[in-house]
Amino acid sequence: MLRLLIIVLVVLFLATVALSNTDPMTIWLGPWQWEIKPDGIFIFAVPLAGLVIGFLLGWMGELRQRRRARRAENQVRSLEKQIVELHQRLDQAQASAAPSKPAAPAQTETVQPMAEK
């Protein structure tokens, strides 16, 4: 909510400046020269260009994170396959090493009920 309030205030400020400055403006960049009429276009274009550049930089960073996530998912799948394979090997090894005579049943303890006080 605070971000939205700040954005609205900045837009209102830019609109006020753009509407109050209506004289032509000359912009020099090295040997090139541009004359912009009215100045409001320039005042809105610069923040818009910054916004687009910021989105592009964020998107490029997100691509890097997605690539890392994809690699991690592939590694997890590979490790899960290894776990299944190792469990199968373990089951086969236990089955082949099992004694031929049946195992003795496990002894169970009987639990006595508690005496009421």
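Taken together, the values in this text are just the output of simple stated rules run on the coordinates, not laboratory data. All figures in this text were calculated on a predicted structure; none of them were measured in a lab. Positions of Cβ are generated from backbone atoms using ideal geometry, with glycine treated the same way; all protein chains shown enter the neighbour counts.
Can you list the residues, at least 5 places off or on another chain, whose amide H is less than 5 Å from the amide H of Ile36, using H built in the peptide plane?
Met25, Thr26, Ile27
By average Cβ neighbour count within 10 Å, what is the ranking of 9-16, 49-56 from highest down? Numbers along the way, then the final one.
Values: 9-16: 11.6, 49-56: 10.0.
Output ranking for 9-16, 49-56: 9-16, 49-56.
Can you give the Kirkwood hydrodynamic radius for the range 10-91, in Å, rounded to one decimal and based on Cα pairs?
Its Kirkwood hydrodynamic radius stands at 17.7 Å.
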